[in-house]
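Working notes for the structure below.
The values are calculated or read from the model by the stated rules, or taken from the named source; none is laboratory data. Bear in mind that the values here come from a model prediction, so they are computed numbers and not experimental data. Neighbour counts run over all protein chains shown; Cβ positions are idealised from the backbone, glycine included.
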Amino acid sequence: MRLFVSIDLPDRLAEGVADAQERFADAEGLRFVDPTQAHLTLFFLGDTDPDRVGEIESALERAVADAGVDPFELRVGGFGVFPSPEYISVLWAGVRDGGGAAETTRLHERIEDELTAMGFEADDHAFTPHVTLARMDDARGKDLVQRVVGEIDPDIGAFRVEEVRLTESTLTEDGPEYETVASIGL
């Protein structure tokens with residue numbers, strides 16, 4: 001099973017995500033994520049033996065407790081790209097300063113500590129709390145993406161984070177389908 005740990009955006013923010021994506025509607029080469037599946041990935045485990053789910057859930061419970069993060073407000077807004085404006089592979093909306101970035105980073109660090117101790121691989125880049133809006137398959141729309149990212153600073157919305165989720169991702173022809181495996185309350 002293909003797993004990741006996330007903070008899921010509530011359904012009521014799907015419209016804000018869709019509105020943000022609409023600004024890039026004319027950018028060729030972009031593949032948009034389903035706004036109803038918008039989330040912030042804290043850690044990607046990848047293909048995982050289903051027999052390990054129990055120990056992963058225990059590790060997540062320890063990590064969340066060690067992080068010492070109480071429920072908090074997360075404010076999503078602004079645009080960014082990975083890895084750089086010159087070579088865009090991912091278009092994202094960020095977490096506003098003072099809007100949950102510190103709490104999200106603390107959760108990520110503790111979760112990463114626990115899961116890498118179990119043999120899962122950490123990302124090879126610094127953690128940037130973000131919600132993926134689209135993936136760029138080719139550079140046809142790069143100029144438009146660069147311009148919009150540089151000129152527009154949208155506010156997608158805020159919500160109260162009360163849990164992190166262990167999520168299974170099943171890849172289908174119509175895109176990924178997500179199912180919550182476990183929820184760990186803050």
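Observations on the model:
- Subset of the stretch 79-129 (residues that are in contact with a Ser or Thr (Cβ under 9 Å, 6 or more places away or on another chain), assigned to a loop (DSSP other than H, G, I, E, B) and among the aromatic types (Phe, Trp, Tyr)): Phe120, Phe127
- Condition check for Gly54: more than 25 Å from Gly175 (Cα to Cα) and assigned to a helix (DSSP H, G or I): yes
- Subset of the stretch 14-51 [in a helix (DSSP H, G or I), surrounded by fewer than 20 Cβ atoms within 10 Å (Cβ to Cβ) and of a type in the set (A, V, I, L, M)]: Ala14, Ala18
- Close contacts from the stretch 164-186, counting a first residue that is in a loop (DSSP other than H, G, I, E, B) and a second that is crowded, with 17+ Cβ neighbours inside 10 Å, with Cβ to Cβ under 6 Å and a gap of 6+ residues or different chains, come to Leu186/Val69.
- Positions within the stretch 136-157 being part of a strand (DSSP E or B) and surrounded by fewer than 17 Cβ atoms within 10 Å (Cβ to Cβ), in sequence order: Asp155
- Test: residue in the stretch 116-123 that is surrounded by fewer than 20 Cβ atoms within 10 Å (Cβ to Cβ), within 26 Å of Leu13 (Cα to Cα) and of a type outside the set (Val, Ile, Thr): no
- Selection count, the stretch 124-135, where residues are without any contact (Cβ under 8 Å) to a residue 40 or more places away in the chain and surrounded by 14 or more Cβ atoms within 10 Å (Cβ to Cβ): 1
- Glu73 acidic (Asp, Glu) and either part of a strand (DSSP E or B) or in contact (Cβ under 8 Å) with a residue 60 or more places away in the chain (or both): yes
- The selection criterion, being surrounded by 15 or more Cβ atoms within 10 Å (Cβ to Cβ) and either assigned to a helix (DSSP H, G or I) or not aliphatic (A, V, I, L, M) (or both), does not hold for Leu3.
- Only one of the listed residues (Arg96, Arg110) is modelled with pLDDT under 95, of a type in the set (Lys, Arg) and surrounded by 16 or more Cβ atoms within 10 Å (Cβ to Cβ). That residue is Arg96.
- Top-ranked residue in the stretch 68-79 [being touching a Leu at 6+ places or on another chain (Cβ under 8 Å) and within 15 Å of His130 (Cβ to Cβ); ranked as surrounded by the most Cβ atoms within 10 Å (Cβ to Cβ)]: Val76
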